[in-house]
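What follows is a short report on a single structure.
Nothing in this text is a laboratory measurement; each read-out follows from the coordinates by a stated rule. Keep in mind that what you see is a predicted model, and the values were worked out from it rather than measured. Here the Cβ is made from the backbone with ideal geometry for all residues, glycine too, and neighbour counts use every protein chain on show.
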Amino acid sequence: MRRQALLMQARGLSHDTRVLDHRDNARHILDLHGRSERFHDHSGVGFRFRRRGEALHSVISEGCIVSGGTVRNSVLGRSVFVHSWSQVEDSVVMDYSEIGRHARVRRAIIDKNVYVTEGDEIGYDLERDRQRFHVTDSGLVVIAKAPKRERQSL
């Protein structure tokens, strides 16, 4: 346990809110009482995980909230909100975007201020995605920047 605390301090993170698995990859564990866990970097600005949200092999930027969703092999820009039961895999989500409940995103680049609606699927049906967004030859879905908007829920 002492080794884990030292690793967390070396990375500039609070040692009481993260647990390291056997590969020294960070896995976020939340309490069962509904409180959110907040993680901080050296600047003191953090991100939160709520309702058993988790991020595996991902980069989570300041101000992000992962509330019961799952983020894998992805990068989340500043203040991205990932709602309950949503999944983000192999994607880059830019600043101030929001992934609605039960939404699934795979192999996508989502620009700033985009709201992925509740239950929407991006990257799973490329023909449908081609009608709405730009899809590269390799199957990467690119969603253009949206106008600035107020966050629908917190």
Rounded to whole Hz, the Karplus (6.51, -1.76, 1.60) HN-Hα couplings of the stretch 131-143, x for glycine and proline: 6, 10, 9, 8, 10, 6, 4, 7, x, 8, 8, 10, 10
Neighbourhood charge, 9 Å Cβ-Cβ cut-off, centred on LYS112 and excluding it, Lys, Arg +1 and Asp, Glu -1: 0
Residues in the stretch 103-125 reached by a label modelled at GLN131 [backbone nitrogen below 17 Å; 7 Å Cα→Cβ]: 117, 120-125
